[in-house]
1. For region B:31-43, indicate whether the set of residues that are of a type in the set (Gly, Ala, Ser), within 11 Å of another protein chain (Cβ to nearest Cβ), out of contact with any Phe, Trp or Tyr (no Cβ under 6 Å at 6 or more places or on another chain) and loosely packed, with under 14 Cβ neighbours inside 10 Å is non-empty.
2. If you check every pair at least six apart or on different chains, which have Cβ atoms under 8 Å apart with a residue in region B:92-115 that is more than 8 Å from chain A (Cβ to nearest Cβ) first and a residue that is assigned to a loop (DSSP other than H, G, I, E, B) and of a type in the set (A, V, I, L, M, F, W, C) second?
3. Only one residue in A:GLU44, A:GLU56 is charged (D, E, K, R), open to solvent by 40 Å² or more (accessible area, probe 1.4 Å), in a strand (DSSP E or B) and under 29 Å from B:ARG110 (Cα atoms). Which one?
4. Quick one: in region B:44-59, which of the residues that are of a type in the set (D, E, K, R) and touching a strand residue (DSSP E or B) at 6+ places or on another chain (Cβ under 6 Å) is surrounded by the most Cβ atoms within 10 Å (Cβ to Cβ)?
5. Please go through region A:59-75 and pick out each residue that is outside any loop (DSSP other than H, G, I, E, B) and open to solvent by less than 40 Å² (accessible area, probe 1.4 Å).
6. Restricting to region A:76-106, name every residue that is in a strand (DSSP E or B) and either of a type in the set (A, V, I, L, M) or open to solvent by less than 10 Å² (accessible area, probe 1.4 Å) (or both).
7. Residue pairs, Cβ under 6 Å, 6 or more apart or interchain, first in region A:55-82 and among the charged types (D, E, K, R), second in a strand (DSSP E or B). List them.
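The values are calculated or read from the model by the stated rules, or taken from the named source; none is laboratory data. Just so it is clear, the structure is predicted and the values come from calculations on it, not from any experiment. Here the Cβ is made from the backbone with ideal geometry for all residues, glycine too, and neighbour counts use every protein chain on show. SASA here: full protein model, heavy atoms, side chains in, ligands and nucleic acids out. Shrake-Rupley method; radii C 1.70, N 1.55, O 1.52, S 1.80 Å.
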Amino acid sequence: EPEVTQTPSHQVTQMGQEVILRCVPISNHLYFYWYRQILGQKVEFLVSFYNNEISEKSEIFDDQFSVERPDGSNFTLKIRSTKLEDSAMYFCASSAGTDSYEQYFGPGTRLTVT
Amino acid sequence: AQKVTQAQTEISVVEKEDVTLDCVYETRDTTYYLFWYKQPPSGELVFLIRRNSFDEQNEISGRYSWNFQKSTSSFNFTITASQVVDSAVYFCALSEPLRDDKIIFGKGTRLHILP
């Protein structure tokens, strides 16, 4: 069964460094998402992406964050200058459409900022 | 505003007992989806069920069952004859597809099944 993959599974970085989290969505999917889960808290929506554009973003998704689909398969989340509070699990998701289509989640990347 | 409330932060039951996880949601839309996800200690999100707002029929899948009641805005999840492998954090979630396609999660209920 096709699945969303994410790399790396765990990333440790120093405060102020740039980090790129990578996701490979399911191949025929057109809609892509990033969610974040701070340890012990709920999963929160960050951003949705369609047709090479951000379609919606939350208030968490400030100027430090950016997303990109650099080629036909990867979908990336970049954090420009990491802060301690960026430490979290980051989940990528993809779907074939909106409305009735299900979002499939990847296994997550645990980001630790020291 | 849309919101999902899981009032039970943590529940512990002894193996083989039945357990119900509560979920109450708020939405102004008449078209919405409700979800349950399981997050085991390994951290991934495991999809369990999606139910649309026009389908109030209860659903059973093996030891899992879901009770959707629009009158009380609740979508409760029951595990029958619980097993140690059911230990996880369970999230209830909501989406409003006519508004946007983000999924709004509750804070989760941590379920401990004791041997």
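1. Initially, region B:31-43 is screened for residues of a type in the set (Gly, Ala, Ser), giving B:42-43.
Cutting the leftovers down to within 11 Å of another protein chain (Cβ to nearest Cβ) gives us B:42-43.
Next cut, out of contact with any Phe, Trp or Tyr (no Cβ under 6 Å at 6 or more places or on another chain) only: B:42-43.
Next, from what is left, pick out any that are loosely packed, with under 14 Cβ neighbours inside 10 Å: B:42.
So far as region B:31-43 goes, yes, one or more of its residues are of a type in the set (Gly, Ala, Ser), within 11 Å of another protein chain (Cβ to nearest Cβ), out of contact with any Phe, Trp or Tyr (no Cβ under 6 Å at 6 or more places or on another chain) and loosely packed, with under 14 Cβ neighbours inside 10 Å.
2. B:CYS92/B:CYS23
3. Values: A:GLU56 fails: under 29 Å from B:ARG110 (Cα atoms).
The unique qualifying residue is A:GLU44.
4. We begin by selecting, within region B:44-59, every residue of a type in the set (D, E, K, R); these are B:44, B:50-51, B:55-56, B:59.
Within this subset, residues satisfying the condition of being touching a strand residue (DSSP E or B) at 6+ places or on another chain (Cβ under 6 Å) are B:50-51, B:56, B:59.
Working: B:ARG50: 16, B:ARG51: 18, B:GLU56: 12, B:GLU59: 12.
Filtering first and then ranking leaves B:ARG51.
5. Of the residues in region A:59-75, the ones outside any loop (DSSP other than H, G, I, E, B) are A:65-68, A:75.
Within region A:59-75, A:PHE65, A:SER66, A:VAL67, A:PHE75 qualify.
6. Initial filter on region A:76-106 (in a strand (DSSP E or B)): A:76-79, A:88-95, A:104-105.
Matches in region A:76-106: A:LEU77, A:ILE79, A:ALA88, A:MET89, A:TYR90, A:PHE91, A:CYS92, A:ALA93, A:SER94, A:SER95.
7. A:GLU56/A:SER48; A:LYS57/A:VAL47; A:GLU68/A:THR76; A:ARG69/A:PHE75; A:LYS78/A:ILE20; A:LYS78/A:SER66
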